[in-house]
Amino acid sequence: MDKQLYAEHMATLRQRYDEILEQTGFDTLNVLSGRPKVQFLDDNYYPFRVNPQFKALVPVTDNPHSWVIYRRGQKPRLLFYRPVDFWHYVPPAPRTFWSDEYDIELLAKPDEARQFLSGDNAAFIGESDGLDGWDLGTPNPDELLARLHWARAYKTPYEMACLRKANRIAVDAHRAAEAAFRGGASEFEINLAYLQAAGQGENQMPYGNIVGLNEHAAILHYTHLSTRHLPEAERRSFLIDAGADCHGYCADITRTYAYRDGELAELVAAMHEKEQELVAGLKPGVPYPDLHRECHLKVGELLQQFGVIKAAPENAVESGLTGTFMPHGLGHFLGLQVHDVGGHQSAPAGGTTPPPEQFPFLRTTRTVEENQVFTIEPGLYFIDSLLADLKDGQLAGEVHWDKVEQLRPFGGVRIEDNVIVHSDRVENMTRDCFGG
């Protein structure tokens, strides 16, 4: 990664943090990367997941017991944990594109951090388990966190570069996964092909990969990963929702494939068209819930086009009929976290704008602005439990149930891209990497 680009990023961050600390009345931020957690009744640890507010300040994602001490108007200090340890991997002292932006102290033991920390007019961000008696400051102040979360919605050029690279890594892995599917691999083997192509292990992935064949594509967060090889006659559909990491920033991409030509392949192609129309509508000044409602209208159009429903698309949206076939939200903020923070926030100091009652799972209610990054992920599914409720309800007569039975074995379709909103255009990072 470019050293100058990172220096400019840190200049922007320091300006933001200085303003936020002044607004909230603090002089110092003490941010802990995190501490390993022991599994219940065991001596093994859960996979380490870094505090996202730590990696917001320094691109270190795999080192517990480390700290960033940020004092208003000063160069940040990084306390980098580097023990003498023959049991575990010990990372080298940082000498990389970002290290000149910090005063770095190496810690041989976690307790050595105490000599550098002060709670005087300070705020602490992190989990305090195991830190009893430490002078840390006010833990996780609400307004401070709200202002940090609000600011994270606006990405710097360095952050955009990381997100583009995460998309490049993920797209290469998606191609490998599709090839494995067409070669007859099991869900488990497809996932292995994905991880190998990405060059990242399961614990580096920003979330558990969703790899679903046939009916499993209707399980929105399916991560079971069957080892069964399907005979060629049983291979119908494949949905994969999987990302990648670049310096702590996430890709989150979904594609759906038909094994052979036919109605599912036509539905997938039609969903690609609808998804790109929704991406084009992602412009500064647009309330995200309005775009979500437009998504439901487009899903209604597909349901009518493919003979699933009798109702007009507008009526299907208003009655809630489309919600059976697309129960999730259109998308969400993307960045240091897959479902990045602040999506329901109403102002920098806090407050919440809940999703519309009709769309309870929508993760973003903000108005779209320049330099924000979103996923756009319309879907259409045949989910047994939701279909059963629909069949027992007042809208059952609006559905061609014979067509539902024809499409149910395919599970569903979801197409998801990662998009940067610029002042004058929309940058679709995912399709740029796929080549269209």
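Please give the helix 187-198 orientation as an angle from the longest Cα principal axis of the chain, in degrees from 0 to 90, rounded to the nearest 10.
50 degrees
Which cross-chain or sequence-distant (5 or more) residues have an amide H under 5 Å from the amide H of HIS422, H modelled 1.01 Å from N in plane?
ASN371, GLU427
What lysines does LYS75 reach when the alpha-carbon gap must be under 18 Å and sequence neighbours fewer than 8 apart in one chain are set aside?
Within the straight-line cut-off, LYS75 pairs with LYS3, LYS55.
Beta carbons within 10 angstrom, averaged per residue: use that to sort the peptides 221-232, 402-413, highest first.
Going by the mean number of other Cβ atoms within 10 Å, highest first, we get 402-413, 221-232.
Using a ≥ b ≥ c from the Cα gyration tensor of the stretch 233-370 (square roots of the eigenvalues), is it rounded, prolate or oblate, where a/c under 1.5 gives rounded and otherwise the larger of a/b and b/c decides, a/b for prolate?
Oblate shape, in that a/c is at least 1.5 and b/c is the bigger or equal ratio.
In whole percent, and with a 1.4 Å probe on the protein chains, what portion of the accessible area of the chain is carbon and sulfur?
Ligands and nucleic acids excluded, carbon and sulfur reach 48 percent.
I'd like the orientation of helix 157-182 relative to the chain: the angle between its Cα long axis and the longest Cα principal axis, in ° from 0 to 90, rounded to 10.
40 degrees
Show which aspartates and glutamates lie in cross-link reach of LYS155 when reach means a straight Cα distance below 14 angstrom and same-chain residues fewer than eight apart are skipped.
Partners found: GLU8, ASP340, GLU369, GLU370, GLU427.
In the stretch 1-140, if the dipole is taken from +1 on Lys/Arg beta carbons and -1 on Asp/Glu beta carbons about the Cα centre, which of LEU21, LEU131, TRP98 is farthest to the positive end?
Comparing the listed Cα positions along the dipole, TRP98 ranks first.
Which of the three applies to the stretch 157-435, rounded, prolate or oblate, going by the alpha-carbon gyration tensor with a ≥ b ≥ c and a/c under 1.5 meaning rounded?
oblate
Check cross-link reach from LYS310 to the lysines: straight Cα distance under 27 Å, and skip same-chain residues fewer than eight apart.
In chain and number order, the partners are LYS274, LYS298, LYS391, LYS403.
What figure, in Å² to the nearest 10, do you get for the accessible area of MET10 with a 1.4 Å probe and non-protein molecules left out?
Result for MET10: roughly 0 Å² accessible.
Which number do you get for Rg(Cα) / (2.2 N^0.38 Å) in the stretch 3-140?
1.06
Helix 142-151 versus the longest principal axis of the chain: what is the Cα-based angle in degrees, 0 to 90, to the nearest 10?
60 degrees
Find, among the chymotrypsin sites (Phe, Trp or Tyr not before Pro) in the stretch 34-78, those assigned to loop by DSSP (not H, G, I, E, B) with at most 16 other beta-carbon atoms within 10 angstrom.
PHE40, PHE48
Specify the inter-centroid distance of the stretch 296-315 and the stretch 40-66, based on alpha-carbon positions, in whole Å.
46 Å
Could you check the spin-label model distance between LYS403 and ASN315? Points 7 Å from the Cα along Cα→Cβ, value in nm.
With each label point 7 Å from Cα toward Cβ, the separation is 1.4 nm.
Taking only protein heavy atoms and a 1.4 Å probe, what accessible area per residue, in Å², does the chain have with all protein chains in place?
That works out to 44 Å² per residue.
Can you compute the charge dipole magnitude of the chain about its Cα centre, using +1 on each Lys and Arg Cβ and -1 on each Asp and Glu Cβ, nothing else charged? Give it in debye, rounded to the nearest 20.
With only Lys, Arg, Asp and Glu charged at Cβ, the dipole is about 680 debye.
How would you order 207-213, 174-180 from highest to lowest mean count of nearby Cβ atoms within 10 Å?
The most tightly packed comes first, giving 207-213, 174-180.
For the peptides 344-353, 289-298, what is the packing order when you average, over each peptide's residues, the other Cβ atoms within 10 Å and list the highest mean first?
Answer by packing, highest mean first, reads 289-298, 344-353.
Taking the Cα centre of the stretch 125-229 as origin and charging only Cβ (+1 Lys, Arg; -1 Asp, Glu), how large is the dipole, in debye to the nearest 20?
Here the stretch 125-229 has a charge dipole of around 720 debye.
Of ALA177, ALA151, ILE210, which is farthest on the positive side of the dipole of the stretch 149-218, counting Cα position, with +1 on Lys and Arg Cβ, -1 on Asp and Glu Cβ, and the Cα centre as origin?
ALA151
Between the stretch 98-159 and the stretch 184-230, what is the separation of their alpha carbon centroids in Å?
35 Å
Roughly how big is the stretch 3-140's charge dipole about its Cα centre, with Cβ charges of +1 (Lys, Arg) and -1 (Asp, Glu), in debye to the nearest 20?
The dipole magnitude comes to about 380 debye.
Please report the equivalent ellipsoid semi-axes of the stretch 134-274, computed as sqrt(5 x eigenvalue) of the Cα gyration tensor, largest first, in whole Å.
For the stretch 134-274, the semi-axes come out at 35, 17, 15 Å.
Sorted by accessible area with a 1.4 angstrom probe, largest first, how do ILE309, ILE104, ILE219 fall?
Of ILE309, ILE104, ILE219, the descending order of accessible area is ILE219, ILE104, ILE309.
The values are calculated or read from the model by the stated rules, or taken from the named source; none is laboratory data. This is a predicted model, so every value here is computed, not measured. So basically every Cβ, Gly included, is an ideal-geometry build from the backbone, and we count neighbours across all protein chains shown. Ligands, DNA and RNA are excluded from the accessible area calculation, which covers all protein heavy atoms including side chains. Shrake-Rupley method; radii C 1.70, N 1.55, O 1.52, S 1.80 Å.
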